[in-house]
Amino acid sequence: MPRLPTIIMKVLVVADVEERSLYDHFRPERWAKAGIELVISCGDLKLAYLDFLASMFNVPCFYVRGNHDTAYGAAGPAGWVNLDGRLERHGGFRFYGLEGSPWYNGGEA
């Protein structure tokens, strides 16, 4: 069987809870060493937090809405790509998103 090449990507995945060490104590020099290549939000985060992450990391940002996300609107957070029902490619990987969780506010999945 042929061996596939090893591809490594450093991805920051966030969801539900805003990490204070990212938001309140962000040190660009520390995160530059981490080499983050992509940020993914799995939902339920404030728009201000997502705006902050997109501007600080300056890498592609993908998201799906969480079951409490009602503030995003049709356009979604600025600088972010909505993965729900879409396939996106980045760095030799494919990413596909499904929101799929019933909303607790009476909406539909």
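Rule-based calculations on the coordinates, nothing more; no lab input. Note that the coordinates shown come from a computational prediction; the quantities given were computed from them, not determined experimentally. Neighbour counts are summed over all protein chains in view; Cβ atoms, including those assigned to glycine, are modelled from backbone coordinates with ideal geometry.
Data table
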| quantity | calculated |
| --- | --- |
| Mean ellipticity per residue at 222 nm, deg cm²/dmol - from DSSP H runs of n ≥ 4 across the chain, formula -39500 (n - 2.57) | -5000 deg cm²/dmol |
| Interchain or long-range residues, amide H under 5 Å from V81's placed H | C61, F62, Y63 |
| Per-peptide average of other Cβ atoms within 10 Å, ordering 75-87, 19-31, 42-54 highest first | 42-54, 75-87, 19-31 |
| Extreme residue, positive dipole direction of the chain, given options L38, P2, N82 (C-beta unit charges) | P2 |
| Under 5 Å, built H, 5+ apart or other chain: amide partners of V14 | I40, S41, C42 |
| Antiparallel bridges, percent of DSSP beta bridges restricted to the chain (to nearest 5) | 30 |
| Under 5 Å, built H, 5+ apart or other chain: amide partners of G97 | G85, R86 |
| Estimated dipole of the chain in Debye, rounded to 20 [Cβ of Lys and Arg +1, of Asp and Glu -1, Cα centre] | 560 |
| Estimated FRET transfer efficiency when R0 is 22 angstrom, pair L47-R89 (beta carbons, to 0.05) | 0.25 |
| Whole-percent pair-distance distribution, where bins are 10 Å wide, for the alpha carbons of the chain | 13, 44, 30, 11, 3, 0 |
